[in-house]
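Below is one structure, written out as structure tokens; the observations come after it.
Any read-out appearing in this document is the output of simple, stated calculations on the displayed coordinates, not a laboratory observation. If you're wondering where the values come from, they're calculated on a predicted model, not measured in any experiment. Methodologically, a virtual Cβ is constructed for each residue, glycine included, from the backbone with ideal geometry; neighbour enumeration extends over all protein chains shown.
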Amino acid sequence: MLKHGILGILNYGDMSGYEIREVFNDSLNYFWTAHTSQIYRELDVLEKNGWIKKQEVEQDGRPNKNICSITDDGHEELVRWLSEPDVDIEMDMRSPILMKTFFMGELPISNSLEFFRQINEEFRETLDDLQKTDGAIRFYQDMVPDKKVALFWQMTSDFGKKYAQLYIDWTERCIHLLESVEERE
């Protein structure tokens, strides 16, 4: 999946590995994490597959850099992948948070309250970060020839915001329920 994300980024224009990582961090990283080493490893695989080509650019006073470009074969692979009808829509419910929640009854209420308050705070911070994506979308939209692609970026950002809000609402409900139990004890 990472290889297709990189192809998608390069479809917007030629970039160095560093620039790909920066764009990745500003956009895809909200729903698909990748370390710098993984991105560079995938770039090598993409080049071996003939889906990208690299051109070394000399720099004064700094190491040379490779500029990556998507090839026609790479664009065909991206379109093939995007066109696949087989999308796994099974809800991925593997969640460490839910696993802990299920067994949280083994701890004192005060520990559980702290657990949910911490999750609530972390998702509030995530939501605050996601609110900034609107500016990044406007910034990157100016760099691509087809402006409608930003509509799909916005859809993805909106999902992330709603997902974070879901966790905020859910943890507030859990906190309310636990505070009610704590008052009765």
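Placing dummy labels 7 Å off each Cα toward the beta-carbon, the span from Gln55 to Val144 is 2.3 nm.
If R0 is taken as 30 Å, the Cβ-Cβ distance between Ser37 and Met99 corresponds to a FRET efficiency of 0.55. Model label points for Leu166 and Glu47, set 7 angstrom from Cα along the Cα-to-Cβ axis, are 4.0 nm apart. Between the labelled values [x] 41, 17, 17; [y] 59, 12, 9; [z] 24, 20, 17, the entry that holds semi-axes √(5λ) of the Cα gyration tensor in Å as derived from this structure is [x]. For the chain, with a Gaussian network of springs between Cα atoms less than 10 Å apart, report the residue from Phe152, Phe123, Phe103 with the top mean-square fluctuation. Fluctuation is largest for Phe103.
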